[in-house]
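To start, the structure under review is shown below, and the notes come after it.
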Amino acid sequence: TTTLSKPQSMELAMPDEPKVDAPPPPETPAWRTLTIVLGEDDKVAWYGGGLDNPQPNEEPTIVGYGKEGIRQVILRKSQAVKARATKPDETLVILIKPSEKSTYKNLVDILDEMAITQEKKYAIVDMTEEDVMMLTEKNAY
């Protein structure tokens with residue numbers, strides 16, 4: 001008999017619409033933030049904190065996907081955040097920024113990395129002009 005593979009899916013949680021009179025959410029400290037920018041040709045750029053003020057030794061760097069690439073970055077950053085945290089809710093926050101030149105497969109791959117590394121706090125957000133310039137400088141756009 002022939003068996004077809006069963007489709008798999010991931011849960012996706014979407015935030016509620018903010019209330020009109022709600023205060024803005026608190027900003028996440030740079031030391032807890034990892035930004036992942038998806039470039040072209042299966043290239044991934046990452047940096048800690050913000051582009052305007054990256055964390056020490058976490059300047060924009062190009063890596064690949066998989067266990068020797070971005071997964072190692074996520075695991076190292078997660079361990080560093082856990083070591084520095086003083087409260088249980090101080091965990092790593094990952095910002096995923098797909099570019100116009102990245103593929104749907106790239107987005108699926110990075111979401112797979114979130115599942116593999118068991119990271120719970122991540123968001124898919126829009127790229128900024130600074131991100132595009134950074135990818136261009138790194139030959140990933």
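Out of Ala140, Ala83, I need the residue that is exposed (fewer than 11 other Cβ atoms within 10 Å of the Cβ) and over 22 Å from Ala13 (Cβ atoms). Which one?
Criteria check complete, one pass: Ala83.
For the stretch 18-29, indicate whether the set of residues that are in contact (Cβ under 8 Å) with a residue 60 or more places away in the chain and not basic (Lys, Arg) is non-empty. If you could, list the steps in order and put the result at the bottom.
Going through the stretch 18-29, the residues in contact (Cβ under 8 Å) with a residue 60 or more places away in the chain turn out to be 28.
So of that shortlist, the ones also not basic (Lys, Arg) come out as 28.
Yes.
Which residues, taken from the stretch 99-141, are touching a residue at least 24 places away in the same chain (Cβ under 8 Å), under 19 Å from Gly66 (Cα atoms) and among the aromatic types (Phe, Trp, Tyr)?
Tyr122
Would you call Thr28 at pLDDT 90 or above and surrounded by 14 or more Cβ atoms within 10 Å (Cβ to Cβ)? Show your work before the answer.
Values: at pLDDT 90 or above: no; surrounded by 14 or more Cβ atoms within 10 Å (Cβ to Cβ): yes.
So Thr28 does not fit the description; no.
Looking at (1) more than 28 Å from Glu11 (Cα to Cα); (2) surrounded by 19 or more Cβ atoms within 10 Å (Cβ to Cβ), which one does Ile94 not meet, given that it meets all the others?
For Ile94, the failing item is (1).
Determine whether the stretch 45-57 contains at least one residue that is open to solvent by 50 Å² or more (accessible area, probe 1.4 Å), within 21 Å of Ile116 (Cα to Cα) and at pLDDT 90 or above.
Scanning the stretch 45-57, I find no residue that is open to solvent by 50 Å² or more (accessible area, probe 1.4 Å), within 21 Å of Ile116 (Cα to Cα) and at pLDDT 90 or above, so the answer is no.
Here's the yes/no breakdown for (1) surrounded by 18 or more Cβ atoms within 10 Å (Cβ to Cβ); (2) under 14 Å from the mean Cα position of the chain (by Cα); (3) within 16 Å of Ala45 (Cα to Cα):
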| site | (1), (2), (3) |
| --- | --- |
| Ile74 | yes, yes, yes |
| Asp126 | no, yes, yes |
| Glu130 | no, no, yes |
| Met134 | yes, no, yes |
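The values are calculated or read from the model by the stated rules, or taken from the named source; none is laboratory data. Every value quoted in this text rests on a predicted model; they were computed, and no experiment measured them. No Cβ is skipped: glycine too gets one built from the backbone with ideal geometry, and neighbour counts run over all protein chains shown. Areas reflect the complete protein model, heavy atoms only, side chains present, ligands, DNA and RNA absent. Shrake-Rupley method; radii C 1.70, N 1.55, O 1.52, S 1.80 Å.
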